[in-house]
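What follows is one structure encoded as structure tokens, with my remarks underneath.
The values are calculated or read from the model by the stated rules, or taken from the named source; none is laboratory data. A quick note: this is a predicted structure, and the numbers were derived from the prediction, not measured. Reconstructed Cβ throughout: ideal geometry from the backbone, glycine too, with neighbour counts over all protein chains shown.
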Amino acid sequence: MSPRHPFTLAAASLLALSCAMGPAAAQDWPARAVTMVVPFPPGGGTDVLGRIVGHRLSEILGQQVIIENAGGAGGMIGSARVVHAAPDGYEFVLGSRADAINQTLYKHPLYNFKEDLAPVILVADQPMAMIARRDLPVEGLADFIAYVRKNQATMRTGSAGIGSTGYVDCALFNQAIGVKVQDIPYRGGGPALQDLIGRQFDYFMTLSPTAVPPIQSHLVKGIAVFRRERLPSLPGLPTAAEQGMNFEASTWFAFFFPKGTPASIIKKLHDATVIAMDTPSIQEQLVATGSFVVPPDRRATDYLERMIVPEIEKNGAPLRAAGMSIE
């Protein structure tokens, strides 16, 4: 037998060492604080969800889960940040349907949603709600639609940003009722809400957690919720279907790591998230804000992985049909 070359022996030793260190590093995860990137500014539905679940995750993981808001480009800036982060488990993103939308809406998306992020777990759904400035002279959806049709030339909508789910759904809603209304894109649902309360524009399609508090406080006027059942936190707000319009809109949320994150770390965050989702106080907080925890049969990592391509196609079809595209 010929002696092995020293370089071959050294390479083999390094490979064995890296294999030994990899599982150990994953086993020790998390050994320090973990960052959850929320790709929208504070105050909106995405931020509310992230902070509720993140607080409980800190308790379960035994390390602080730091929330960092990185808004812009309909959520692409925050997700792209995680795409380019080290795949060591210390940075993950609260992704959403916006990631699927942006793959079609933008001609040059900043990342490939299917290839560049590692799915962890589907966390929650948030239905969309239509709210209007408090002094808009309408009562109910039919009255609202008639008013918008008559006054569309002088009305304005707000959105959580070009590419956000509310931006897309409001555009599709306007198309469905046959109107064209100028949109004011903000950097998130929170900033847009503040200007709606200040009567800087007329109406806003937004995630339910953004809509619930100002409706309850009578700071804005609730028009409709776009799901089959009424929100438990807003039992007095009828659904669109109850008011004669067949239009549903909601947004899902999920955790993603950078591609290449060890499977053992993905499993640890998955399992910790399940515990958080099954915590009664967390479920109560989410329902109170208008979010709905996903049921157990939709929590597997491979379920989320199988969702990605169909979600890109499903959300891309109406965008292409409506001719919506951004450079």
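Here are the numbers for the structure shown:
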| read-out | value |
| --- | --- |
| Matching helices (runs of 4 or more DSSP H) fully within the stretch 75-167 where at least 2 residues are at negative phi, modelled with pLDDT under 95 and touching a strand residue (DSSP E or B) at 6+ places or on another chain (Cβ under 9 Å) | 97-105 |
| Scope the stretch 299-327; condition in a helix (DSSP H, G or I), of a type in the set (D, E, K, R) and surrounded by fewer than 16 Cβ atoms within 10 Å (Cβ to Cβ); matching residues | ASP302, GLU305, ARG306, GLU313, LYS314, ARG320 |
| Set MET205, MET245: member being in contact with a Gly (Cβ under 6 Å, 6 or more places away or on another chain) and at pLDDT 95 or above | MET205 |
| Hits in the stretch 1-56 (condition: modelled with pLDDT of 95 or more and polar (S, T, N, Q)) | THR35 |
| Looking only at the stretch 273-297, and only at residues there that are surrounded by 14 or more Cβ atoms within 10 Å (Cβ to Cβ) and over 20 Å from VAL65 (Cα atoms), the one that is modelled with the highest pLDDT | VAL294 |
| Close pairs (7 angstrom Cβ cut-off, 6 or more residues apart or separate chains): free of Cβ contacts under 8 Å to residues at least 24 places away in the same chain in the stretch 39-62, surrounded by 19 or more Cβ atoms within 10 Å (Cβ to Cβ) anywhere | GLY54/MET36; GLY54/VAL65; SER58/VAL65 |
| Residue ID - farthest from the chain's Cα centre (by Cα), chosen from residues in the stretch 244-290 that are under 25 Å from ILE308 (Cβ atoms) and among the polar types (S, T, N, Q) | SER264 |
| Condition check for LEU304: touching a Pro at 6+ places or on another chain (Cβ under 8 Å) and not charged (D, E, K, R) | yes |
